[in-house]
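Visitor: Just dropping this structure here.
What follows is calculated from the coordinates using simple rules that are stated; it is not laboratory data. From a predicted model like this one, the values you see are computed outputs, not experimental measurements. FYI the Cβ positions are ideal-geometry reconstructions off the backbone, even for glycines, and counts take in every protein chain you see.
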Ligand SMILES: [Cu+2]
């Protein structure tokens, strides 16, 4: 089997591996059994993250195949049996320049889209609405300063209380509700330890730090329910403070806001923030 044949087989394997990884993403916006790719993107940020990830996958696959091919070449062509008289070559200026310059060029090709994406994620345009997510041991509470300043807690729905179709460890009693195609700024903070507000299909993951106000943003492109989890080890209830985001049409969202204003406490009401916390575990 010649070298070109080996390379062709490795190339084909690499390509089918990439396709397989990509195919893993075509699911609902929740974790799936045996999922190897990302949850499907539901925001422009996540679409770009996915694109960048695919680019990187091609680059690393090409590098891995190239290095493996070199190894195979050396093993086949220069082993003791085929080539008993070893070469005593030590330096080669051309090769040394190439193996310095080419990796630098590869890194530049990676860093440019990487920084572009980083700035796109970090640069929050003028938001249409703001939500404040406050981490607690072990649940999230939310405030809606742009929509009447009400607040509510989102506690895990325990296994025994799950209804048909509700996802274990991901369903909360109150979802975070947002309108579709709306630039939502999420401000995160915490009342106790560091938590992190993360929703994979939105491409957001930001620490909620006590005494500090962090922010991130998302613009959901399709109605639906999206799930995330606290992503900073925060104690023994860390795995029991999920994030459930329901994206509604703008009209449905307005209706929800009207109900929410009546149903939930006002942030300004004394004691509103101290709604009794039910430990999630
Ligand atoms: Cu947490």
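Visitor: Looking at the chain, what % of its DSSP beta bridges pair antiparallel, to the nearest 5?
Guide: Numbers: 31 of 43 bridges.
Percentage antiparallel, nearest 5: 70.
Visitor: Using all C-alpha to C-alpha distances in segment 160-222, build P(r) with 5 Å bins and read off the rounded percent in each one.
Guide: With 5 Å bins starting at 0, P(r) equals 4, 15, 19, 21, 20, 13, 7, 1.
Visitor: Please tell me the relative contact order of the chain in percent, rounded to the nearest whole number, where contacts are Cα pairs under 8 Å and at least six residues apart.
Guide: On the way: 478 pairs, mean separation 53.3, N = 281.
It comes to 19 percent, rounded to a whole number.
Visitor: Would you mind telling me which residue in 37, 235, 165 has the biggest mean-square fluctuation in a Gaussian network model of the chain, where springs connect alpha carbons within a distance under 10 angstrom?
Guide: Per the Cα network of the chain with a 10 Å cutoff, 165 tops the list.
Visitor: Need the C-alpha centroid separation for segment 179-216 versus segment 92-145, integer Å.
Guide: First find each Cα centre; the distance between them is then 16 Å.
Visitor: When 138, 99, 197, 73 are ordered from fewest to most other Cβ atoms inside 10 Å of their Cβ, what list results?
Guide: Numbers: 138 24, 99 10, 197 29, 73 13.
So the residues, fewest neighbours to most, are 99, 73, 138, 197.
Visitor: Assign one of three labels to segment 133-281, namely rounded, prolate or oblate, based on the Cα gyration tensor with a ≥ b ≥ c the square roots of its eigenvalues; rounded applies when a/c is under 1.5, prolate when it is not and a/b is larger than b/c, and oblate otherwise.
Guide: Details: a/c = 1.23, a/b = 1.14, b/c = 1.08.
Rounded is the answer for segment 133-281, as its axis ratio a/c remains below 1.5.
Visitor: In a Gaussian network model over the chain where Cα atoms closer than 10 Å are linked, find which of 50, 121, 164 has the largest mean-square fluctuation.
Guide: Among 50, 121, 164, the largest GNM mean-square fluctuation belongs to 164.
Visitor: Here is a further query. Select from 94, 76, 209 the residue whose mean-square fluctuation is largest in a Gaussian network model of the chain (Cα-Cα springs shorter than 10 Å).
Guide: 94
Visitor: While we're looking at this one, here's another question. According to the square roots a ≥ b ≥ c of the eigenvalues of the Cα gyration tensor, what is the shape class of segment 54-112, taking rounded for a/c under 1.5, prolate for a/b larger than b/c otherwise, and oblate for the remainder?
Guide: On the way: a/c = 7.03, a/b = 1.72, b/c = 4.08.
Here segment 54-112 falls in the oblate category.
Visitor: Would you mind computing, in nm to one decimal, how far apart the modelled labels at residue 191 and residue 57 are, each placed 7 Å from Cα along Cα→Cβ?
Guide: 4.2
Visitor: What 222 nm value per residue comes from the helices of the chain, counting each DSSP H run with n ≥ 4 as -39,500 (n - 2.57) and dividing by all residues, nearest 500 deg cm²/dmol? If you can, show how the numbers build up before the last one.
Guide: On the way: 4 runs with 99 residues, N = 281.
The helix-only estimate for the chain comes to -12500 deg cm²/dmol at 222 nm.
Visitor: Ranking 90, 191, 43 by Cβ neighbours within 10 Å, fewest first, what do you get? Walk me through the intermediate numbers first.
Guide: Details: 90 5, 191 16, 43 22.
By the 10 Å Cβ count, ascending: 90, 191, 43.
Visitor: Over the residues of the chain, compute the C-alpha Rg and express it relative to 2.2 N^0.38 Å.
Guide: Working: Rg = 25.3 Å, N = 281, 2.2 N^0.38 = 18.7 Å.
Its radius of gyration relative to the 2.2 N^0.38 Å reference: 1.35.
Visitor: Sorted by packing (mean other beta-carbon atoms within 10 Å per residue), highest first, where do 146-152, 166-172 land? Spell out each step's value before the answer.
Guide: Numbers: 146-152: 18.3, 166-172: 16.4.
Ranked from most to least packed, the peptides come out as 146-152, 166-172.
Visitor: Using a 10 Å cut-off around each Cβ, can you sort 185, 47, 96 from fewest to most neighbouring Cβ atoms?
Guide: 96, 47, 185
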